[in-house]
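Readers should treat all values here as calculations from the given coordinates under stated rules, not as data from a laboratory. What you see is a predicted model; the values in this text were computed from it and never measured. Backbone-built Cβ (ideal geometry, glycine too); neighbour counts: all protein chains shown.
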């Protein structure tokens, strides 16, 4: 199953050819561990961006439906409490009302909605009950993913030979991550050209076994930390939802929206029944 990055070392033959340096196997193990860690970081960062984008779309598209359900639950509980007068029903009504997000003040409501010409298009649409512009889809294209992977493999800070080179790579990779998070394919192309034109650091080749063992230990610790990040992402509510439909998250949002609309209809019918019976 693939070539062993360490197992292909030639042993000295009976003719007495010079044996490979003792550190050579260890150096190859470090190289393999470095590349494995970079690939793992790419996978974790890619999933993080997907979770972040899905979370934003989930909030923008479904947030109002959740708010409507909370409001209906509060009204239903209040109508039931008014009808029965039972202290327990009153308590439940108070708890349900407390769960409803309070109405924001006018300044908060229109924060970032005012521009030099007055209200933004989104604010005007809401006030005139016109359809609000749908949230912008932010998901890196296949080409953006390819460019991102190539850049991280080439410019990863862990491949630096000294502190100066690491600082340069850290700054560059931060710009790469920002561009990838926005799905900015043109900027990723520019960054790829910038890296190709920049200085090429010499390959790091530690000469002492102690340094190599320390390097392997650091790489192992780094992978453990990334594994914790990956686990937290996968076990989060949004991460778990995204894993249900990794190839078509938009369809998953539509299905959830349909379910929420059905719940809204049920709550409205229940509220109408309570109000009607109390009339």
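Label-to-label distance for residue 88 and residue 245 is 3.9 nm, based on points extended 7 Å past Cα in the beta-carbon direction. If R0 is 41 Å, the Cβ-Cβ spacing of residue 209 and residue 43 corresponds to a FRET efficiency of close to 0.85.
Considering the range 133-197 at the alpha-carbon level, its Rg and Dmax are found to be 13.0, 49 Å. Estimated at 0.36 nm per residue, the fully extended path between residue 25 and residue 67 surpasses their Cα-Cα distance by 9.1 nm. Relative contact order of the range 153-264: 17 percent, from C-alpha pairs under 8 Å at least 6 residues apart in sequence. For the peptides 58-66, 245-253, 25-33, the ranking by mean Cβ contacts within 10 Å, running from highest to lowest, is 25-33, 58-66, 245-253.
Can you tell me the FRET efficiency between residue 190 and residue 170 if r is taken as the Cβ-Cβ distance and R0 is 22 Å, rounded to the nearest 0.05? Rounded to the nearest 0.05, the efficiency is 0.70. Ordered by the count of other Cβ atoms within 10 Å of each Cβ, fewest first, 54, 172 give 172, 54.
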